[in-house]
Amino acid sequence: MNEWIELNLPFNVTMDYSKIKYPKIPTLNKRAKKELGMSLDESEKTLLSEGEECVYDNRICQEFDKIDHDIREKLYKKNLSNDDFKIERIKRLKKIKNRSVDLVLKSLEFKDSYYEWLEKQPEYIEYFRKHEQITSELKEKLRVMSFRGLGLSKPGVLIEVEQNGKLNQYLIGDVNIYSGVCDDCREFDDDIIIKRYKIIWEKE
């Protein structure tokens, strides 16, 4: 049996993406209008009725959502594959003679072509490179800050933690790698300190 290894790190440290200062996604509205005939902002405004401001909560979108919901409910009963579900959903939406449905479908089609176009633009390529670089650097920092980050949370590892003033030991395999039997019935929280661990057995 291997010896105990002192650790004194939390079980897990997660990344709060809301606090990360990522670069802004370039919109390139002027270039999009010139090359695609419309900017993303202009496409979204086609869904607004007079006096409305919210693109995602307005009369046109609400009417579309109701029709789309009814179609989805019927298709769920057919147990289709994801691809077949998407194809059949769009096919049924296009058959409906409804102004709101037509406007939303046109907006969605434009968004698809816009983002496909955007991903080829030099500014977006540079944005994506910086985004990935920041994420990679943060993940590397997190990696050495916790038990799970170090890749130690795997079956066959015995851990020792302090709970209510008492030292308790858990064998991962009895408790799973996420510290309990399921995500919402956990034996302990992410911030509990793993005082030490030892490898009892390893998978070949």
- Task: Check the straight Cα-Cα distances from LYS154 and name the lysines below 22 Å, setting aside those fewer than 8 residues away within the same chain.
- Result: LYS139, LYS141, LYS195, LYS198, LYS203
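Based solely on its DSSP helices, what 222 nm [θ] is calculated for the chain when runs of n ≥ 4 H residues each add -39,500 (n - 2.57) and the sum is averaged over all residues, nearest 500 deg cm²/dmol? Please list the in-between numbers first.
Values: 6 runs with 88 residues, N = 204.
Helices in the chain give a 222 nm mean residue ellipticity of -14000 deg cm²/dmol.
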- Message: Restricted to Cα positions, what overall size does segment 29-120 have along the principal axes? Three whole-Å values, descending.
- Response: 45, 35, 20
- Item | Highest-fluctuation residue, LEU93, LEU167, LEU158 considered, GNM on the chain with Cα pairs under 10 Å | LEU167
- Query: What does a probe at GLU52 reach in segment 101-136, counting residues whose amide N is under 13 Å from the point 7 Å along Cα→Cβ?
  - Reply: 101-105, 107
- Note on the structure: The extension gain from ARG31 to VAL144, computed as 0.36 nm times the residue separation minus the Cα-Cα distance, is 36.3 nm
- Query: Whole number please: convex hull volume per residue of the Cα set in the chain, in Å³?
  - Reply: 229 Å³
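FYI, it's all coordinate maths here, none of it is from the lab. Here the structure is a predicted model, which means the values were calculated and not measured. Ideal geometry is used to build each Cβ from the backbone, glycine not excepted, and the neighbour counts take in all protein chains shown.
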